[in-house]
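Engineer: First the structure, which I've put down as structure tokens, then a few questions once you've had a look.
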Amino acid sequence: MRIAVSADEVAGVAAQIGPELEARGHTVELFGALAPGERADWAWCSEAAARAVVEGRADQAVVACWTGAGASIAANKVPGVRAALCTDAVMADGARKWADANVLALSLRLTSAPLLAEMLDAWFAGEPSPDPVDRANVEHVAEI
């Protein structure tokens with residue numbers, strides 16, 4: 001899978017996200033502070049990673065900033081993105097299952113290396129729910 005990864009600073013687990021994804025067999029494209037010469041501000045780099053998803057250059061994205069909130073908000077401004085700010089594996093699984101999230105937003109402040117691994121395990125194991133109610137919710141969000 002092709003994964004776009006952005007962070008507004010190289011703090012916490014930011015530098016570990018790309019290598020962790022590559023170790024799982026994914027191809028990674030870096031944005032923001034993780035890519036020399038890129039604009040690192042959270043709004044710009046999160047948007048860039050989200051656009052990679054909707055433009056088909058990436059299948060999914062992981063966006064990160066200190067709290068994760070700004071990265072999530074910026075990514076969600078891109079039509080077609082369903083970014084979920086997750087702080088544990090249960091949230092990551094639920095975001096994939098019930099919201100068909102295609103962008104994982106992380107807090108660099110709260111996410112440890114073991115927690116990152118657990119969240120990525122849950123994220124990639126998660127499948128969108130086939131339940132018609134869940135699908136209707138995802139479709140409604142696209143219409144908002």
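The values are calculated or read from the model by the stated rules, or taken from the named source; none is laboratory data. Model, not experiment: these values are computed from the prediction. Neighbour counts run over all protein chains shown; Cβ positions are idealised from the backbone, glycine included. For accessibility, only protein heavy atoms count, side chains too; no ligands or nucleic acids. Shrake-Rupley method; radii C 1.70, N 1.55, O 1.52, S 1.80 Å.
Engineer: Considering only protein heavy atoms, what per residue accessible area in square angstrom results for region 23-117 with a 1.4 angstrom probe?
Structural biologist: Heavy-atom SASA per residue in region 23-117 reads 45 Å².
Engineer: Please work out the Cα center distance from region 73-103 to region 130-144, rounded to the nearest Å.
Structural biologist: 14
Engineer: Let me ask another. With runs of 4+ DSSP H residues as the only contributors, calculate the mean residue ellipticity of the chain at 222 nm using -39,500 (n - 2.57) per run, divided by the residue total and rounded to the nearest 500.
Structural biologist: -14000 deg cm²/dmol
Engineer: I've got another one for you. With a cut-off of 8 Å between alpha carbons and a minimum separation of six or more residues, what is the relative contact order of the chain in percent?
Structural biologist: 22
Engineer: What does the extension gain come out to for GLU22 and THR87, with contour length at 0.36 nm per residue minus their alpha carbon separation?
Structural biologist: Between GLU22 and THR87, full extension yields an extra 21.3 nm.
Engineer: If I model a spin label at ILE73 and ALA125 as a point 7 Å from the Cα along the Cα→Cβ vector, what separation in nanometres do I get?
Structural biologist: My value for the distance between the label points is 3.3 nm.
Engineer: Treat every Asp and Glu Cβ in the chain as -1 and every Lys and Arg Cβ as +1, leave all other atoms uncharged, and give the resulting dipole magnitude about the Cα centre to the nearest 20 debye.
Structural biologist: That gives a dipole near 180 debye.
Engineer: Another question about this same structure. Quick check: with the 1.4 Å probe, what order do ARG57, ARG82 take by accessible area, largest first?
Structural biologist: Values: ARG57 100, ARG82 65 Å².
Reading off the accessible areas and sorting them downward yields ARG57, ARG82.
Engineer: Please calculate the 1.4 Å probe accessible area of ARG51, with all protein chains present, and give it to the nearest 10 Å².
Structural biologist: 90
Engineer: Assuming a ≥ b ≥ c are the square roots of the Cα gyration tensor eigenvalues, decide whether region 20-96 counts as rounded (a/c under 1.5), prolate (otherwise, with a/b larger than b/c) or oblate.
Structural biologist: Working: a/c = 1.33, a/b = 1.14, b/c = 1.16.
The shape class here is rounded.
Engineer: Running a GNM on the chain with Cα contacts under 10 Å, which residue among ASP41, ASP134, ASP88 ends up with the highest mean-square fluctuation?
Structural biologist: ASP134
Engineer: For the chain, modelled as a GNM with alpha-carbon contacts under 10 angstrom, which of ALA74, ALA113, ALA83 fluctuates the most?
Structural biologist: For the chain, modelled as a Gaussian network with Cα springs under 10 Å, the answer is ALA113.
Engineer: Starting from the Cα gyration tensor of region 70-143, take the square roots of the eigenvalues, sort them a ≥ b ≥ c, and report rounded, prolate or oblate (rounded when a/c is under 1.5, otherwise prolate if a/b is larger than b/c, else oblate).
Structural biologist: Oblate.
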